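Here's the structure, in structure tokens; my notes come after.
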Amino acid sequence: MYKIVISPFSRALRNGKKNPKNYPWWTAVVSQLRNEGIYVIQIGTPGEEAIGANEVRNNLSLQKLEKLVKTCALCVAVDNFLPHFCANLNKKCIVLFGKSDPEIFGYSNNINLLKDRKYLRKQQFDIWENEPYEEECFVEPDSVLNAIQGVLGGNR
């Protein structure tokens, strides 16, 4: 059985609005992964929305996160801390980009999923509180599932 780690959310915004980096269809992705027999571990911080994973681990120390990442088949995340951490460990990560530019914030050893460059924000280094949330800027769940199966060697 494959075990994957998903870091579904970027930090909460100071203004209380939804972070524009957060992928809107995690529950559909995780439900299908579990139907395919893949064990999903959600990582994050207390209070984050549950996405239907087999287990949730919050506030992991860097040592525990490193051990988890090294023992999983794959990591999947939005543009947050995990892709940077995985790059440091030379661990492949599928990263879901919406408005962040993967040519700036991505790593070539990862699978960087971007729906269309037309959705990228003009000021890539501006604070996220200035950016509206738009779910249409993200790839559909099938694109995520196909990328995951491509790494794991399965066919969809």
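The values are calculated or read from the model by the stated rules, or taken from the named source; none is laboratory data. Just so it is clear, the model here is predicted, and its values are computed rather than measured. Ideal geometry is used to build each Cβ from the backbone, glycine not excepted, and the neighbour counts take in all protein chains shown.
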* Is one or more of the residues making up region 55-74 of a type in the set (A, V, I, L, M, F, W, C) and under 30 Å from residue 122 (Cβ atoms)? -> no
* **Close pairs from region 56-73: first more than 18 Å from residue 87 (Cβ to Cβ), partner part of a loop (DSSP other than H, G, I, E, B), Cβ under 8 Å, at least 6 apart** => 56/50; 58/45; 58/46; 58/48; 59/45; 59/46
* Asked: What residue, of 94, 148, 127, is of a type in the set (Val, Ile, Thr) and surrounded by fewer than 17 Cβ atoms within 10 Å (Cβ to Cβ)?
  -> 127
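Condition check ((1) touching a strand residue (DSSP E or B) at 6+ places or on another chain (Cβ under 8 Å); (2) surrounded by 14 or more Cβ atoms within 10 Å (Cβ to Cβ); (3) not in a strand (DSSP E or B)) across all residues:
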| residue | (1), (2), (3) |
| --- | --- |
| 10 | yes, yes, yes |
| 23 | yes, yes, yes |
| 33 | yes, yes, yes |
| 43 | yes, yes, no |
| 51 | yes, yes, yes |
| 63 | no, no, yes |
| 67 | no, no, yes |
* What number of residues in region 12-21 are exposed (fewer than 13 other Cβ atoms within 10 Å of the Cβ) and in contact with an Asp or Glu (Cβ under 9 Å, 6 or more places away or on another chain)? -> 2
* Examine region 105-115 for a residue that is hydroxyl-bearing (Ser, Thr, Tyr) and either modelled with pLDDT under 95 or buried (at least 18 other Cβ atoms within 10 Å of the Cβ) (or both), and state whether such a residue exists. => yes
* Filter region 131-144 for residues that are over 13 Å from residue 38 (Cβ atoms) and either at pLDDT below 95 or surrounded by 18 or more Cβ atoms within 10 Å (Cβ to Cβ) (or both) and give the result. => 131, 137, 138, 139, 141
* To do: Scan region 14-39 and report the pairs whose first residue is without any contact (Cβ under 8 Å) to a residue 40 or more places away in the chain and whose second residue is among the β-branched types (Val, Ile, Thr) and part of a loop (DSSP other than H, G, I, E, B), with Cβ atoms within less than 8 Å and a gap of 6+ or a chain change.
  => 26/51; 27/51; 30/51
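Does region 145-154 include one or more residues that are in contact with a Pro (Cβ under 8 Å, 6 or more places away or on another chain) and either small (Gly, Ala, Ser) or modelled with pLDDT of 95 or more (or both)? Give the steps one after another, and end with the answer.
Here is the first cut: in region 145-154, the ones in contact with a Pro (Cβ under 8 Å, 6 or more places away or on another chain) are none.
No.
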* Check 131, 136, 103, 36 and return the single one that is in contact with a Phe, Trp or Tyr (Cβ under 8 Å, 6 or more places away or on another chain) and not aromatic (Phe, Trp, Tyr). => 136
* Collect the residues in region 73-88 that are surrounded by 13 or more Cβ atoms within 10 Å (Cβ to Cβ) and either over 19 Å from residue 29 (Cβ atoms) or of a type in the set (Val, Ile, Thr) (or both), keeping them in residue-number order. => 76, 78, 81, 84, 85, 87
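Within region 60-79, is even one residue touching a Pro at 6+ places or on another chain (Cβ under 6 Å), among the hydrophobic types (A, V, I, L, M, F, W, C) and closer than 13 Å to residue 44 by Cα?
Just the residues of region 60-79 that are touching a Pro at 6+ places or on another chain (Cβ under 6 Å), to begin with: 77.
Then drop every residue that is not among the hydrophobic types (A, V, I, L, M, F, W, C), which leaves 77.
Keeping just the survivors that are closer than 13 Å to residue 44 by Cα gives 77.
Yes, because at least one residue in region 60-79 is touching a Pro at 6+ places or on another chain (Cβ under 6 Å), among the hydrophobic types (A, V, I, L, M, F, W, C) and closer than 13 Å to residue 44 by Cα.
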